[in-house]
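The values are calculated or read from the model by the stated rules, or taken from the named source; none is laboratory data. All of these numbers come straight from a predicted model, not from anything done at the bench. Using ideal geometry, Cβ is built from the backbone for each residue, glycine included, and neighbour counts are taken over all protein chains shown. Only protein heavy atoms, including side chains, enter the accessible area calculation; ligands, DNA and RNA are left aside. Shrake-Rupley method; radii C 1.70, N 1.55, O 1.52, S 1.80 Å.
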Amino acid sequence: MQATAAALTPPSLLDYATSCALPTPWAQFTLHAWVEPATGKEHLAMALGDLSTGEPVLARVHSECLTGDVMFSQRCDCGAQLEGALQRIAEEGRGILLYLRQEGRGIGLVNKIRAYRLQEAGADTVEANLQLGFHADARNYELCRPMLEQFGIKSVRLMTNNPRKIDALNRIGVTVAERVPLLVNRNAYNNSYLNTKQAKLGHMMAPLTAVEQGEQALVEPAKAPSSAS
Ligand SMILES: Nc1nc2c(ncn2[C@@H]2O[C@H](COP(=O)(O)OP(=O)(O)OP(=O)(O)O)[C@@H](O)[C@H]2O)c(=O)[nH]1
Ligand SMILES: [Zn+2]
């Protein structure tokens, strides 16, 4: 039997879709959109300035966190990191933010909420994922390569505290020329989450000082509802 041309063509990892101007409080970015054929997920990039000069590009690879990015959740540092990264790119006048739709470190929104519930019962962020039958971090960064290739970007100055992200980018052939720390928003709600990221996931950030801990203790987290509704 003769194979058809379609059967011989490997499916593409990511299809570029379109772009538009995106004015924000910090700068007017260009928003680019792709579709991932395997999942139907829509991935995004916010780009600013001339990215094709060959100079390493200030970059943030941000994984979706609906609760933090959109709903102002203080459980994590995501919303503040998103804002901080865009602000920094705007200050330099050049850079890119990749917004990957891998919510909840890749386990999805509903499972992340299940994980939060387990955290309210005493698990830390890693234990909760494991109790639900997932890896501590189920993310994959291979889509970054076609997204960056769209702009001819081979080398980045990556805003992150996560060493796994740096390794993952290096493995797919994107050079991380520099790590730019992105430390924001420690508070009474996210302090133990950030400490667990540091202790169990290897994130590069300092725990609260004793003085800061005293200050943070003044801000008590609101009690979670105790009923099983
Ligand atoms: N499963 C799970 N996911 C979480 C939890 N808190 C935040 N997340 C998700 O963790 C991811 C955070 O992604 P990033 O902003 O890329 O941060 P990071 O990998 O910690 O590394 P940085 O680059 O240092 O910020 C998002 O997908 C969030 O939805 C949690 O308690 N459990
Ligand atoms: Zn978050």
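Observations on the model:
- Normalised by residue number, the volume inside the convex hull of the Cα atoms of segment 1-82 is 158 Å³ per residue.
- Phi angles of segment 93-105 translate, via the Karplus equation with coefficients 6.51, -1.76, 1.60 and θ = phi - 60°, into HN-Hα couplings of x, 7, x, 8, 10, 8, 10, 8, 8, 10, 4, x, 6 Hz per residue; Gly and Pro are given as x.
- Other-chain or far-sequence residues with amide H under 5 Å of L22's (modelled H): F29, T30, L31
- Radius 10 Å from Cβ of M205, net charge of other residues (Lys, Arg +1; Asp, Glu -1): +1
- To the nearest ten degrees, helix 78-92 and the longest principal axis of the Cα atoms of the chain are 50 degrees apart.
- Radius 15 Å from Cβ of A33, net charge of other residues (Lys, Arg +1; Asp, Glu -1): -2
- Relative to its Kirkwood radius, the Cα radius of gyration of segment 55-142 gives an Rg/Rh of 1.04.
- Degrees separating the helix 109-120 axis from the principal Cα axis of the chain, which is the longest one: 20 degrees
- Average accessible area per residue (Å²) across the chain - probe 1.4 Å, nucleic acids and ligands excluded: 54 Å²
- Evaluated on the chain, the Kirkwood hydrodynamic radius is 19.2 Å, with distances taken between all distinct Cα atoms.
- All lysines inside 17 Å of K165 as judged from Cα atoms, apart from same-chain residues fewer than 8 positions distant: K154, K197, K200
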